[in-house]
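The values are calculated or read from the model by the stated rules, or taken from the named source; none is laboratory data. Since the model is a prediction, treat every value here as computed from it, not as a measurement. Backbone-built Cβ (ideal geometry, glycine too); neighbour counts: all protein chains shown. Keep in mind that these areas ignore ligands, DNA and RNA; they rest on the heavy atoms of the full protein, side chains included. Shrake-Rupley method; radii C 1.70, N 1.55, O 1.52, S 1.80 Å.
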Amino acid sequence: MQYKRVLLKLSGEALMGDRQYGIDPKRLAEYAKEIKEVVDKGIEVAIVIGGGNIFRGVAGAANGMDRVQGDHMGMLATCINGLALQSALEDEDVHTRLQTALEIKEVAEPYIKRKAIRHLEKGRVVIFGAGTGNPYFTTDTAAVLRAIEIHADAILKGTRVDGVYDADPEKVKDAVKFESITFKDVINKGLKVMDMTAFTLSEENKLPIIIFDMNTKGNLNRLVSGEKVGTIVEN
């Protein structure tokens, strides 16, 4: 295996499937099966999920809501998604723990770095909810932060597209895909991979980011097995 420990970053919107809002149980089950395949190979998997399928703090602020309140609502949305994915994984007999940056002790463990690493070492999937626990920081930033803390080998960012292009492939037919690209080139070309706080944190800590299509069956398995899938961003 190319990686021993990875952090998988999923957007909340990815859980919607073909719906306009909320969680699609079918999509959730598909993701759980994909993750199980990787775990069965002995790879340690941590996960961060966004909350955009339920609520976005930025959108709330744009409509007059206090930004801090809105971000806290968004953090709770990630916890709902985390619980849903935990349930789907446990249906596949994958031992899973949900750790949250906000304390919700009745439904999840508080985030403790050493405990998270111990869970991973025992073969459990660890889902990190509530972002960083602080407003104004995205779940992309939370993913990079947690990946650095648990000493992950890479961040695997599952999206709707199969990598990084020089233009939006959903809008530009002849957009060119990069097999690999440096952090500096992403910035210089003005490409969108993650928000700048998360991206800079990843660059400074020499943590590679692989952007790939999570909705193509088997992609996650092929990626961790060393096949060229998606686009790798590294120094």
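Residues of segment 12-35 being open to solvent by 20 Å² or more (accessible area, probe 1.4 Å) and not in a helix (DSSP H, G or I), which ones?
Those that are open to solvent by 20 Å² or more (accessible area, probe 1.4 Å) and not in a helix (DSSP H, G or I): Gly17, Asp18, Arg19, Gln20, Tyr21, Ile23, Asp24.
Scan (1) surrounded by fewer than 20 Cβ atoms within 10 Å (Cβ to Cβ); (2) over 17 Å from the mean Cα position of the chain (by Cα) for the single condition Ala108 breaks and write down its number.
The single condition Ala108 does not satisfy is (1).
Based on this model, can you work out whether Glu121 counts as open to solvent by 50 Å² or more (accessible area, probe 1.4 Å), modelled with pLDDT of 95 or more and touching an Asp or Glu at 6+ places or on another chain (Cβ under 9 Å)?
Details: open to solvent by 50 Å² or more (accessible area, probe 1.4 Å): yes; modelled with pLDDT of 95 or more: yes; touching an Asp or Glu at 6+ places or on another chain (Cβ under 9 Å): yes.
When the stated conditions are applied, Glu121 passes them.
Take Val186 and decide whether it is in contact with a helix residue (DSSP H, G or I) (Cβ under 9 Å, 6 or more places away or on another chain), at pLDDT below 95 and hydrophobic (A, V, I, L, M, F, W, C).
When the stated conditions are applied, Val186 passes them.
Kindly indicate which of Glu121, Glu90, Glu34, Glu106 is touching a residue at least 40 places away in the same chain (Cβ under 8 Å), more than 23 Å from Lys157 (Cβ to Cβ) and charged (D, E, K, R).
Glu121
Where residues in segment 36-68 are under 23 Å from Ile150 (Cα atoms) and more than 15 Å from the chain's Cα centre (by Cα), which of them is surrounded by the fewest Cβ atoms within 10 Å (Cβ to Cβ)?
Gly42
Just checking, how many residues over segment 111-145 are part of a helix (DSSP H, G or I) and aliphatic (A, V, I, L, M)?
Summing the residues that are part of a helix (DSSP H, G or I) and aliphatic (A, V, I, L, M) in segment 111-145 gives 7.
Take Gly74 and tell me if it is farther than 21 Å from Glu109 by Cα and in contact with a helix residue (DSSP H, G or I) (Cβ under 9 Å, 6 or more places away or on another chain).
Values: farther than 21 Å from Glu109 by Cα: no; in contact with a helix residue (DSSP H, G or I) (Cβ under 9 Å, 6 or more places away or on another chain): yes.
No.
Which of the residues that make up segment 69-101 are assigned to a helix (DSSP H, G or I), modelled with pLDDT of 95 or more and over 20 Å from the mean Cα position of the chain (by Cα)?
Asp91
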